[in-house]
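*Asks:* Quick one: the structure is below, and I'll ask about it shortly.
Nothing in this text is a laboratory measurement; each read-out follows from the coordinates by a stated rule. In this text the structure is predicted, and so the values were computed from the model without any measurement. Reconstructed Cβ throughout: ideal geometry from the backbone, glycine too, with neighbour counts over all protein chains shown.
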C-alpha cells in the first residue's frame, strides 16, 4: 500500500508541479510562454558568462588528479586517518567532493568498483556523496555568474560544512554499517 502511494507520487509529482505553475501564471494573467522564453534567454547568457570559471575549475581538477598530487596527499595522510579509524581509501572522495560533483562521482565509482558496494568503504563514500556539497564549484558558478570577487565567509563556511558532512558520513557509516 505505502509503496504504491510513493510510486503514484513519484509518477505524477513533476507533471502536477508543471501544470500548477502554468495554471498559477495564467490565473495571475502572466504571459507564461513569453516569460519562459525570456528566462531561457537569460539562462543562456548566464551560462556563457560562467564558462571561463568552469573551464578554470575543470582544468585545475584535471591537473590535480593527473599530476599524482591526489595520490601523494592520500598516501601522506593515510597513517593519520588510519590511526583515527578513518579508512584511507575514502580520502580521494573527501578531497574531490568539494571540487567537483562529476569528479567525485568518478572517484566514488572507482572506489566502489575496487572495494564493492556493500563494504564499509563503499557505503561510506556513498554517504559522503550525499552529505557534502561541491563548494568550490558552487562558488565558481554562483559568484562568477554575478561577478562577485570577494566571497567573504562563504568559502570557510562551505568548507567547514563539508568537513562536518564528511566526518558525519564516516562515523554514521561505521555505526549503521
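*Asks:* Kindly provide the set of residues from the stretch 20-36 that are surrounded by 11 or more Cβ atoms within 10 Å (Cβ to Cβ) and assigned to a helix (DSSP H, G or I), ordered by number.
*Replies:* 21, 22, 23, 24, 25, 26, 32, 35, 36
*Asks:* In the stretch 68-125, which residue that is touching a helix residue (DSSP H, G or I) at 6+ places or on another chain (Cβ under 6 Å) and part of a loop (DSSP other than H, G, I, E, B) is surrounded by the fewest Cβ atoms within 10 Å (Cβ to Cβ)?
*Replies:* So the residue we want is 116.
*Asks:* So in the stretch 126-136, with the set limited to residues that are in a helix (DSSP H, G or I) and in contact with a helix residue (DSSP H, G or I) (Cβ under 6 Å, 6 or more places away or on another chain), which one is surrounded by the fewest Cβ atoms within 10 Å (Cβ to Cβ)?
*Replies:* Filtering first and then ranking leaves 129.
*Asks:* Residue 149 passes all but one of (1) loosely packed, with under 12 Cβ neighbours inside 10 Å; (2) in contact with a helix residue (DSSP H, G or I) (Cβ under 6 Å, 6 or more places away or on another chain); which number fails?
*Replies:* (2)
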